[in-house]
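Worksheet for the structure shown next.
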Amino acid sequence: MSGLPLPTIHFPAYSKSQLLHILDLHAPTTLYSASNKPSKPGDLEPEELDKIWEGLNSAVIDTYGPGTTLDIPSILKISEKLWPDFVQPIINAGVYVEEEDEIVYGKVDFVGLFALGKRKGLFSGEDIIKRQSTLIPSTIKTGWYS
């Protein structure tokens with residue numbers, strides 16, 4: 001008995017713009033993670049967080065995406081893994097305002113933030129890709145691929 005070939009559906013690869021749009025749906029709502037909780041209240045505006053998240057995702061795609069088979073969940077896990085170290089300079093630059101009992105952050109210069117990340121080695125080497133299979137599961141709810 002011969003079988004019919006399985007039907008195949010070809011999906012073209014997402015463009016970088018499409019990838020960023022999908023990843024933007026999972027933007028963090030705070031600078032902080034479990035490893036860098038604030039001592040006082042204070043955070044960036046959502047628009048600033050979104051810009052930083054999109055910039056980080058763009059850097060991850062440009063650095064680790066070309067010539068690889070990274071999919072959206074993998075890019076998301078890498079960005080989530082890099083987030084605490086990437087935003088640490090912003091947290092370190094916060095100024096405590098005693099009258100308001102909170103930490104205040106200025107506008108973020110993404111180019112400078114990216115340069116600091118590169119100097120810290122966040123966008124070099126293959127270590128993050130090698131560790132990709134051992135990264136902890138996403139803490140952000142991502143129902144579109146689960």
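Values in this text are rule-based calculations from the coordinates and carry no lab data. Just so it is clear, the model here is predicted, and its values are computed rather than measured. Here the Cβ positions follow ideal geometry from the backbone for every residue, glycine too, while neighbour counts run over all protein chains shown.
Report yes if some residue within the stretch 80-101 is closer than 26 Å to F11 by Cα and small (G, A, S); otherwise report no.
Among the residues of the stretch 80-101, not one is closer than 26 Å to F11 by Cα and small (G, A, S), which makes the answer no.
I want to confirm something. Restricting to the stretch 34-62 and keeping residues that are of a type in the set (S, T, N, Q) and surrounded by fewer than 16 Cβ atoms within 10 Å (Cβ to Cβ), which single residue is nearest to E99 (Cα to Cα)?
That would be S39.
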